[in-house]
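The values are calculated or read from the model by the stated rules, or taken from the named source; none is laboratory data. Since the model is a prediction, treat every value here as computed from it, not as a measurement. No Cβ is skipped: glycine too gets one built from the backbone with ideal geometry, and neighbour counts run over all protein chains shown.
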Amino acid sequence: MEIADDRPQSLADLAEDARKLTTAGPRAVLGLAGPPGAGKSTLARALVARIGEQAAYLPLDGFHLANAQLERLGLTARKGSEPSFDVRGYVALLRRVLDDTAGDIYVPDYDRTLHEPVAARHVVPPAARLVVTEGNYLACDLPGWREARALMAACWYVEAPPDVRQARLVERQLAGGRDANEARAWVATNDAPNGELVEASRGRCDRILSTIGMDMSVL
């Protein structure tokens, strides 16, 4: 896939490009892929806030398997890895938001205090013409993720320097209750290999961008 020009752009520029995706139909999905700690969720929320009531947020993190399922599958130590998500459920919700524009569609999220997915935290209202979804694996050439990618009008790859991502990821683990050694170990043994898998999908995205230095404020 040809990657579009990746020169630095403002949030306003990106929001305008995102709006253009809706010209072909009643609703479109924009995907934001990228490795852990790249700033995907921050950008997604900022885009939705900038566009307003015609946009809605749909995070992949809502499709984390519950801790009980991770334990059953032997994936507790690999929480956040590609097989630890319900990709079929995610694809089903993407299809629904594209096909059903008549009523509210509720969207799950991940709660970093509970360390569990939670139902219906977000909503896609009928007025939303653009759904911004974000997650690590959206562009991966793997079963399930290929189907998800095909439902997106565009998929943008969000990246950040390794040291920036490392600092963000360690801080995330500290905020989640791990001590400094545990946080660094988790990032090294879990987030790092997840990021390597995601980086292999970079060329399947329509454009590459970074939020470093971007003003995310919505005026």
Okay, helices (runs of 4 or more DSSP H) sitting entirely in the stretch 162-210 with 2 or more residues that are farther than 23 Å from Ala77 by Cβ, I get 162-175
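Conditions (1) farther than 26 Å from Asp191 by Cβ; (2) in a strand (DSSP E or B); (3) of a type outside the set (Ser, Thr, Tyr), marked per residue:
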{"residue": "Leu93", "(1), (2), (3)": "no, no, yes"}
{"residue": "Gly103", "(1), (2), (3)": "yes, no, yes"}
{"residue": "Pro117", "(1), (2), (3)": "no, yes, yes"}
{"residue": "Pro126", "(1), (2), (3)": "yes, no, yes"}
{"residue": "Tyr157", "(1), (2), (3)": "no, yes, no"}
Is there any pair with a first residue in the stretch 181-210 that is under 16 Å from Ser84 (Cα atoms) and surrounded by fewer than 16 Cβ atoms within 10 Å (Cβ to Cβ) and a second that is hydrophobic (A, V, I, L, M, F, W, C) and modelled with pLDDT of 95 or more whose Cβ atoms are under 7 Å apart and which are 6 or more apart or on different chains, and what are they?
-> Leu197/Cys140
Exactly one of (1) in contact (Cβ under 8 Å) with a residue 60 or more places away in the chain; (2) crowded, with 21+ Cβ neighbours inside 10 Å is unmet by Phe85. Its number?
-> (1)
Which one is farthest from Leu142 (Cα to Cα), of the residues in the stretch 55-79 that are out of contact with any Asp or Glu (no Cβ under 7 Å at 6 or more places or on another chain) and in a loop (DSSP other than H, G, I, E, B)?
-> Gly74
Of the numbered conditions (1) over 17 Å from the mean Cα position of the chain (by Cα); (2) surrounded by 13 or more Cβ atoms within 10 Å (Cβ to Cβ); (3) touching a residue at least 24 places away in the same chain (Cβ under 8 Å), Glu53 fails exactly one; give the number of that condition.
-> (2)
Scanning the stretch 127-158 for residues that are over 12 Å from the mean Cα position of the chain (by Cα) and of a type in the set (Asp, Glu), which turns out surrounded by the most Cβ atoms within 10 Å (Cβ to Cβ)?
-> Glu147
Only residues that are acidic (Asp, Glu) and either in contact with a helix residue (DSSP H, G or I) (Cβ under 6 Å, 6 or more places away or on another chain) or free of Cβ contacts under 8 Å to residues at least 12 places away in the same chain (or both): list them for the stretch 153-170, please.
-> Asp163
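Being in a helix (DSSP H, G or I), at pLDDT 95 or above and farther than 25 Å from Arg184 by Cβ is true for just one of Leu47, Leu32. Which residue is that?
Sole residue among the options that is in a helix (DSSP H, G or I), at pLDDT 95 or above and farther than 25 Å from Arg184 by Cβ: Leu47.
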Go through the residues of the stretch 122-130 one by one and say whether even a single one is more than 16 Å from Ala55 (Cβ to Cβ) and in contact with a strand residue (DSSP E or B) (Cβ under 7 Å, 6 or more places away or on another chain).
-> no
Read through the list (1) touching a His at 6+ places or on another chain (Cβ under 8 Å); (2) over 26 Å from Ser217 (Cα atoms); (3) buried (at least 17 other Cβ atoms within 10 Å of the Cβ), then give the number of the only condition that Leu58 fails.
-> (2)
Could you tell me whether any residue of the stretch 113-126 is closer than 22 Å to Asp86 by Cα, in contact with a Lys or Arg (Cβ under 9 Å, 6 or more places away or on another chain) and not acidic (Asp, Glu)?
-> yes
Pairs, first at negative phi in the stretch 92-113, second of a type in the set (S, T, N, Q), C-beta under 8 Å, six or more apart = Leu94/Thr133
Among (1) modelled with pLDDT of 95 or more; (2) outside any helix (DSSP H, G or I), Thr113 falls short only on (1)
For residues that are closer than 23 Å to Gly177 by Cα, under 17 Å from the mean Cα position of the chain (by Cα) and of a type in the set (Gly, Ala, Ser), tally how many sit in the stretch 74-118.
-> 3
